[in-house]
1. Among residues other than B:Lys129 whose Cβ falls under 12 Å from its Cβ, what is the net charge (Lys/Arg +1, Asp/Glu -1)?
2. Would you work out the charge dipole size for the protein assembly as shown about its Cα centre, treating the Cβ of every Lys and Arg as +1 and the Cβ of every Asp and Glu as -1, and quote it to the nearest 20 debye?
3. Summing +1 for each Lys or Arg and -1 for each Asp or Glu, what net charge is found among the other residues whose Cβ lies under 13 Å from the Cβ of A:Ser282?
4. I need the phi-derived Karplus couplings for segment B:417-423: 6.51 cos²θ - 1.76 cosθ + 1.60, θ = phi - 60°, integer Hz, Gly and Pro marked x.
5. For n ≥ 4 DSSP H runs only, could you compute -39500 (n - 2.57) per run for chain B, divide by its residues and tell me the 222 nm figure to the nearest 500?
6. At a Cα cut-off below 18 Å, give the aspartates and glutamates reachable from B:Lys159, other chains included and same-chain residues fewer than 8 away excluded.
7. Once Rh is set to the Kirkwood radius over Cα pairs, what Stokes-Einstein translational diffusion coefficient, in µm²/s, holds for chain B at a temperature of 25 °C and a viscosity of 0.890 mPa s?
8. Suppose every K and R has +1 on its Cβ and every D and E has -1 on its Cβ; what is the size of the dipole of segment B:93-224 about the Cα centre, in Debye to the nearest 20?
Amino acid sequence: MKSGRKEIERLEKSNKSAYLFLAPYILLFTAFIVVPIAIAIILSFTNFNTIQFPKFIGFLNYINLITQDEVFMQKVLPNTVVYAIIVGPGGYMLSFLLAWALSQLTKGPRTVLALIFYSPSLTSGVAMAVLWKILFSGDQTGYINSLLIRLGVITEPIIWLSDTRFLLPIVIIVGLWSSMGVGFLAMLAGILNSDESLYEAAAIDGVKNRFQEMIYITIPTMKPQMLFGAVMAIVNTFQNGAISVQLAGANPTPNYSAQLIVNHIEDYGFIRYEMGYAAAVSVALLGIVYLFSTVSKKLFKED
Amino acid sequence: MKRKFRISMIASAFLMLVSLVNPPVKADAATPYKTYTENGYGRIVETQTAYTPLKTITKIGELALSGASDLKITDDGKIYVADTGNHRILVGDKNGELLAVYGEDVLGQPTGIFVADDKTLYVADKAKKKVFVFNSDGQVQNEYTKPNHPLYGDGNDFKPTKLTVDHSGNMYIVCEGNTNGIVHIAPTEGGTFLGYFGTNYTWVSPVDLLRRIILTDEQRARMAANIPSTPTNLCIDDKGLVYTVTQGEKTTSLKKLTIAGKNIIEPDAWDELPAAVSTGNYENIFVLSENGYIYEYNKEGSLLFVFGGRDDDRHRIGLFKKASAIDVDKNDNIYVLDSEKNEIQVYQPTEFTDLVHKALYLYQNGKYTESKEPLSQVIEMNSLFDYANLAMGQAYLQEENYPQALKYFRLAKDKDGYSDAFWEVRNIWLKRNLVTVILIIVFAVVLWKILKAFDRKTGILVPAANLKKDVFSNRLVSQISYMFYFMRHPIDGCYGIKREKRVSVLSANILLLAFMILYLINKYAIGFIFKTVQEGRYEFFSDVAYVVGLFVILSTCTYLVCTITDGEGSYKQIYCSFAYSLAPFIVLKPFIVLLSNAVTYNESFLVQFSDFLTYAWIVILVFLSIKEINNYSVKETIRTICLTLFTVLIALLLIFIIYVLVSQVIDFIQAIAGEVVYRIESI
């Protein structure tokens, strides 16, 4: 009798079945996320050129990163922070406003438009080459050069994608354009899910316009989706890098004018084969992303 | 940074006022003009005399000049003068003795000359529409007329006014009325037209741009054509770079053109009416204005000196009526031709200028260490000569002596150089101390955790927590710390101010005082590269008056407007909510100021971004407090704000009028008092 009760207790408290159900995810997560991160952290303490066995060098990579790598401190980090500050919150607000605007439409147009807004983040590589490279083409046949010359603003074409003054702003514009990603879809779903009766109640309580509805009802009810969107926006902006290299056509970008952290990692990892140093930079990136997502979680979880 | 020379007029007017009070300085007595330079803030300031008038040449031999318009000095000291009115070219030595006369019966109106290294003389003759080339014996060796080339343009006349020639004999000719640019002719086959060179650009104003977008082609054709201006004069240096001056072109009035015709400098200061340009022995550039001002620039177009001026019929030596040509000899003496006085004025450099030139020469050739000695002598003679401080900073930067470079860049007010030097200084500091700093932080965090864990068991921190609670339960402290709540929840915060009496006038005044102090700190202690005020200049009283006055006027006018637009707020509530709206400034600004002292231009966006955040936050808070305190809708709030701004304008006007009236009355009383005193004394 006594042992029977214990048996029941043991069964009740054990989470065997739960672990069984979790197993596939845990296996995949470990294999593709946890192990690579662990290896990256280990590699970041070594000098590794992909041919010889990694040599342990302690914190040297990190010390070099902060004190010796002038390109990182003078160009890459400022570029990345500017890019993240503008594209992160900017793209986030844009996603929210667009999601909110789309939610006001009927189902048919909404689906089509949502697909259109979502497509840049899906097809970015191809679309970028086709669309933006033609727009910002460096000779007078490029759309923007041609327009400006015709209006008399400039007299000779600007080589947009090699000019160190314009490359980063262009990358930021393209980044904003392609920032309507998963976060956008999640917010759209969140807005569509909100309770209709709440809006009715609010209307009775004196809410006058759509803007007030948004402030007082929509945002408070969809906090989880907002949080998800914010975290995704931050992670995505810090991990963006393909845009600048694709637009400039080379890594490193001209005079490092639009070099982001990810480009810097690729530069060291896959061009110079300094894997240990590249791993150290990616661990630093991990730290930055973690820091910012913690801050955004704090911001949205409060109250 | 770019400003016209007119500033110096104001400066000289001011100096004249000063000189009425003080006896004039002795240096001024020697020269009839003052010498100016540009300081690190881009202002034209007076400096010591750079050049003194040496002599005047009124005649070459026994021949007088008439309407002379060009002058060239050769390396061996011969003076060539285009004696335009007498249709000839005179050659003299540097004492004014006649050596030769060229082209007596050939030339019509010679306005521009050039002397090649082999003493071949090129003359641009406007009346004959030709360029004559004389060999050193005075015989006409060649003549060039209008190029017979389709690209020259059939409708363009060929009236050469000035010219210069490069080492291989290619001519650069300025033609009157030809807006296409400088005519570039090679000597081969009796003159081959190579094309137009160094064309000036036109500028499209926003209005023109708008017109171009709106108007039809037909209407556009009727608009006044936007034609580039013709260069006024030109010269060439030893490297074959062509310099042009153009009247009325501002920043491109002086251009330094590469072989490809691309401009590579932008002068700091410019004159409206440049007449001639020449290069010195240190790649320095001299520009002469028609009014007689002589500008000396270094090779990058930074202004070194301005001196000279217009002669107002007092015939003082060293001033001009209509200056027309300038050249420099091997000893750095400047020769300037006056085509109205028909004389050549010679200036010699002072010891100070010689030192500047010497330093310039060494520095530009990369001999930074050697250049430091003459530079320090220059600084010793004039510690406010910012160009020397700047060069000194650059020299130290090249030597990697960063702390010294930092010091001199700060003296020179050069923010770019300061930022670069500071980056290096900071980098060195980081290399040395980074590990220590990280260890200290880790140690502090660990210590704090241990203390917390310890506190949970023994309650060692309970007294501290109680003290904190006591402090915050103090009425005034809680009122002040209400600003943190107000910042984050402005709508509820306004309710607290309006209904719950969470704040008092005293706490609002304390916040205003804190704002005031932080405003001053922000203005005077912000990092050097963000500083907008001149170093060592403090205007505390006017700052305080300005901020307090603005705040009082704004809150009063808002209250006045609110009372007539159905606002519910009392003056106290509006005053308090405005003061609390300044909370972001009070909370964020200390960090921004600290940050600004630790960043370079690389990271300056951090400061700019947080500044933007602060001000945007304040604007939102003010907007919401007007709205909530008065229970307005958004539309009513915007209307109230517009009305308030208008009221403020009227109030300022009123204050101004009262100020003028009161000062008139005071003047009147003073005058009467003075009169009375005078009468009593004279009795």
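The values are calculated or read from the model by the stated rules, or taken from the named source; none is laboratory data. It should be emphasised that the depicted structure is a prediction, and the values quoted were computed from it without experimental measurement. Glycine gets a Cβ as well: all are built from the backbone with ideal geometry, and neighbour counts include every protein chain shown. Quick note on the areas: whole protein, heavy atoms, side chains included, nothing else; ligands and nucleic acids left out. Shrake-Rupley method; radii C 1.70, N 1.55, O 1.52, S 1.80 Å.
1. Numbers: positive: B:Lys126, B:Lys128, B:Lys130, B:Lys146, B:Lys159; negative: B:Asp125, B:Glu143, B:Asp157, B:Glu176.
Net local charge, B:Lys129 excluded: +1.
2. Details: 89 positive and 91 negative charges, 1005 e Å.
So the dipole magnitude of the protein assembly as shown works out to roughly 4820 debye.
3. Numbers: positive: none; negative: A:Glu266, A:Asp267, A:Glu274.
Surrounding charge for A:Ser282 is -3.
4. x, 4, 4, 4, 5, 5, 4
5. Details: 18 runs with 313 residues, N = 683.
Rounded to the nearest 500, it is -15500 deg cm²/dmol.
6. Within the straight-line cut-off, B:Lys159 pairs with B:Asp70, B:Asp83, B:Asp125, B:Glu143, B:Glu176.
7. Details: Rh = 31.3 Å.
The Stokes-Einstein estimate is 78 µm²/s.
8. Numbers: 13 positive and 17 negative charges, 136 e Å.
Dipole about the Cα centre, nearest 20: 660 debye.
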